[in-house]
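The values are calculated or read from the model by the stated rules, or taken from the named source; none is laboratory data. For clarity, every value in this text was computed on a predicted model and none was experimentally measured. Glycine gets a Cβ as well: all are built from the backbone with ideal geometry, and neighbour counts include every protein chain shown.
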Amino acid sequence: MKKLIIAALSMVVSVGLLAGCAPNKGSDSPVTQGNSGSAGKGENTKVVTISVRENNWGARKDNFVEAEKRVNEDLKAEGVQVKIDWWPGIGDDELILQAQAGKAADVFINSSVDIGWQRDAGIIQAVDWVKDSKVFKNVPESYTNIMQYEGHYYGAIQDMDASPVFISRKALQGLGWTDEQINGLKGRVDSGDFTFGDLVDLADEAKKKSLVKIGFAVEDIRFEGWNYTFGNYNYNPEQNKMVLAAKAKDVYSFWADAVKRGVIAEGIADIDTDKAAPMFVKGDVFAEFARTEFYQMMREANGMKDNIEGYNAWFKENVVWIPVPSATKGGKPSSYSNPAMIFVGPKVDDAKMPYVQKLIEHVLDADLQVNHTIASGKLPVTPEAQADPRFKEMEFYKDHAYLVEFTRTRPPQPDYAVFVKGYTLGVDAILTKGKSADEAYDLFKKDVKQNVPADRVIIE
């Protein structure tokens, strides 16, 4: 299970670099930082240059290019022109090193979980204009929480996903389920009638009857998302501290039981979504715990990248999806995510900020959000975008968009990565060493006490 440990350790790279880890090689664009000024567009034209780090995934860069055009239409009457100065995209380590050298882009995209360490490293600044921005006036409260940290807004949420469970319809049919029962499963999860334990039992039965080869597959090593199913949230936002609670034993008990029954195999950490998508398409996996974009990954694994109609027909015949069920009868389902944020660099002053704000707000225009959904498989973040006719035609996306109202995200607390490493060590001990839930919890607790600063964690 070295891959499990290595993957978990890779989550702490940002924290480690703050402590002095060696940098990767890299260079930055030799471009002057974008301060407002007049240049080359006539005496009466004010050119505002905004440096933006490239991010080509999905439609992110395309949306910035289009947003630049729209901002300039807005500003034409004011005699102002915004010009994007593209900087190359770089990793977290280089962000820190370049910031230390005085080079920081005005705008860049990173994960919501990165807010804490980025702020502490001086890479970003507060953007409290987000609170009153017309873009976010109708978003769920969960989005508001995601964008805030210790009383301030530090980013504008750029896209979103949820974490549905994709289940083999064929396997359920093999267990004797009718179409009516299968189609009603999501409603039972929403009402708390169908629990996580029920799902484990079904996976166990499907595997024992050789309807599938694997009971559960999980995206990457995002095992901590299952904590939410058991009401174990690991984080106190009011105190900005991680929480090590005895509820973790309930989660470890699930792992131990699932391993004993063969629902989860030792190599679960080796089956990332790239491998799981073709396996699920072939019918080898009973339940895949993944993000929204797994829907699109299965389409590509099916060879139907450009055949959306054919894929939708295949999906209805072969797959049913549900939210992650609660572990308790009558409980609420859960979902977790790692959304992207648009961040603003520390050198943007009060004079430039209004133009940066306008650019970001246009990036989040409803139609541009949907362009990104089509290209990436991510969900749009505003109700206005979800009302777009193109989005409404995407049945899967439209139907599961309600999950984002209760989707939790990884906390931006800088010690989170180290904390989760300890949790993952406990999972690894169960998977590879046959340890009990109590033994795994003791290992987790010991690691947290050793590696997470005492004033940044609550141990119950």
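Restricted to region 407-428, and to residues that are over 18 Å from the mean Cα position of the chain (by Cα) and small (Gly, Ala, Ser), which residue is surrounded by the most Cβ atoms within 10 Å (Cβ to Cβ)?
Result: 426.
Restricting to region 97-127, what's the tally of residues that are of a type in the set (Gly, Ala, Ser), surrounded by 22 or more Cβ atoms within 10 Å (Cβ to Cβ) and under 19 Å from residue 351 (Cα atoms)?
Selection size over region 97-127: 2.
Out of region 170-185, which residues are out of contact with any Gly (no Cβ under 7 Å at 6 or more places or on another chain) and surrounded by fewer than 20 Cβ atoms within 10 Å (Cβ to Cβ)?
173, 174, 175, 176, 177, 178, 179, 180, 181, 182, 183, 184
Only one residue in 234, 240 is farther than 27 Å from residue 293 by Cβ and under 21 Å from the mean Cα position of the chain (by Cα). Which one?
The unique qualifying residue is 240.
Can you find, within region 442-460, the residue that is surrounded by the most Cβ atoms within 10 Å (Cβ to Cβ) among those that are more than 15 Å from residue 247 (Cα to Cα) and of a type in the set (D, E, K, R)?
So, considering only residues that are more than 15 Å from residue 247 (Cα to Cα) and of a type in the set (D, E, K, R), the one surrounded by the most Cβ atoms within 10 Å (Cβ to Cβ) is 447.
Are any residues in region 262-290 of a type in the set (D, E, K, R), at pLDDT 90 or above and part of a helix (DSSP H, G or I), and if so, which ones?
282
How many residues does region 227-257 contain that are within 17 Å of residue 410 (Cβ to Cβ) and touching a Leu at 6+ places or on another chain (Cβ under 9 Å)?
1
Taking region 81-134, which residues are polar (S, T, N, Q) and over 20 Å from residue 363 (Cα atoms)?
Scanning region 81-134 gives 98, 100, 118.
Go through the residues of region 389-403 one by one and say whether even a single one is hydroxyl-bearing (Ser, Thr, Tyr), touching a strand residue (DSSP E or B) at 6+ places or on another chain (Cβ under 8 Å) and more than 30 Å from residue 332 (Cα to Cα). Write out each step before concluding.
Taking region 389-403 and keeping what is hydroxyl-bearing (Ser, Thr, Tyr), we get 397, 402.
After this cut, where a residue has to be touching a strand residue (DSSP E or B) at 6+ places or on another chain (Cβ under 8 Å) as well, the list is 397.
Now narrow it down to the ones that are more than 30 Å from residue 332 (Cα to Cα): none.
There is no residue in region 389-403 that is hydroxyl-bearing (Ser, Thr, Tyr), touching a strand residue (DSSP E or B) at 6+ places or on another chain (Cβ under 8 Å) and more than 30 Å from residue 332 (Cα to Cα).
From the residues in region 297-341 that are touching a helix residue (DSSP H, G or I) at 6+ places or on another chain (Cβ under 6 Å) and β-branched (Val, Ile, Thr), which one is surrounded by the fewest Cβ atoms within 10 Å (Cβ to Cβ)?
So, considering only residues that are touching a helix residue (DSSP H, G or I) at 6+ places or on another chain (Cβ under 6 Å) and β-branched (Val, Ile, Thr), the one surrounded by the fewest Cβ atoms within 10 Å (Cβ to Cβ) is 319.
Looking only at region 304-329, which residues are modelled with pLDDT under 90 and either within 17 Å of residue 194 (Cβ to Cβ) or hydrophobic (A, V, I, L, M, F, W, C) (or both)?
Of everything in region 304-329, just one residue is modelled with pLDDT under 90 and either within 17 Å of residue 194 (Cβ to Cβ) or hydrophobic (A, V, I, L, M, F, W, C) (or both), namely 308.
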